[in-house]
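See structure below.
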Amino acid sequence: MNADKKVVRFLLIRGLPGSSKSTVASKLAAKYGVKHFENDSYLMHGDKYVWTPEAAKDAAKRCFEDAMSALRSGKDTIVSNVFVTRKSIDRYVRAAKQLGCEVQVWRMTNDFGNVHDVPTNVLASMKDGFQDYPGEKLVDATKLKI
C-alpha cells in the first residue's frame, strides 16, 4: 500500500426539503474547496426552478455521473439530496466505496421550510417514507460551526 496516496472523501447529506442540506453542503464545499453536487442544481434554468418527472430523472442521473467522475479524479465530494430510501443512498455509497473512498452519511434534522414550494401532501409522503440508513449521523445544522 502506498502511504502517500490521498484518501478521497465522500459525504452524502440527506434530509427532507428545508432541512438545510443544501446550505450546509454549500458552506462545507466553499470552506474546504470540495466538489458539491445535488439534483436541484440540474433543475435550475436561470433563476427558475423547473421540476417535471422527466427532468428530475435526468437530474438524478447527471448528479450521480458528475459526482462519480469527481471521485474518480481524486476530488473530495459532497452530494446533497433528499434520499428518502436506503436504495437511493446505497447506489452512491456502493460506488464510492468501490472507488476506495472514505464515506460518511449525514441526515439533517432541521425544518426551516422548503424553498421549492413542495406541496404539503408530497412533504408528508416523503416524511412517512423516510428510511433510516445504517451508520448515518444525525446533524442539527444550528450546532455546526462552518
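Compared with the dominant Cα axis of the chain, that is its longest principal axis, helix 21-32 is turned about 30°. Beta bridges per DSSP, both residues in the chain: antiparallel share near 10 percent.
Taking the protein heavy atoms of the chain in the context of the full set of protein chains, the accessible area attributed to carbon and sulfur is 52 percent at 1.4 Å. Solvent exposure of the chain, expressed per residue, is 62 Å² of accessible area, with all protein chains present and a 1.4 angstrom probe.
Given +1 at the Cβ of Lys and Arg, -1 at the Cβ of Asp and Glu and no other charges, the dipole of the chain around its Cα centre is 540 debye to the nearest 20.
Using just its DSSP H runs of length 4 or more, each adding -39500 (n - 2.57), the chain gives a mean residue ellipticity at 222 nm of -12000 deg cm²/dmol after division by all residues. By the rule of a C-alpha distance below 28 Å, with chain neighbours fewer than 8 residues away ignored, the lysines paired with Lys145 are Lys6, Lys21, Lys27, Lys31, Lys35, Lys75, Lys97, Lys127, Lys137.
Average 1/r across all pairs of distinct alpha carbons in the range 1-104, invert it, and you get the Kirkwood radius: 14.3 Å.
In this simple spin-label model, placing a label point 7 Å from the Cα along the Cα-to-Cβ direction at both Asp111 and Ile146 gives a separation of 2.1 nm. Here's the list of lysines a cross-link from Lys61 could span, going by alpha-carbon distance under 16 Å and ignoring same-chain residues fewer than 8 apart: Lys87. Potential lengthening of the chain between Asp66 and Val7 amounts to 19.4 nm, from the contour at 0.36 nm per residue minus the alpha-carbon distance.
The values are calculated or read from the model by the stated rules, or taken from the named source; none is laboratory data. Computed from a prediction, not measured in an experiment: that's the story for all the values here. Reconstructed Cβ throughout: ideal geometry from the backbone, glycine too, with neighbour counts over all protein chains shown. Quick note on the areas: whole protein, heavy atoms, side chains included, nothing else; ligands and nucleic acids left out. Shrake-Rupley method; radii C 1.70, N 1.55, O 1.52, S 1.80 Å.
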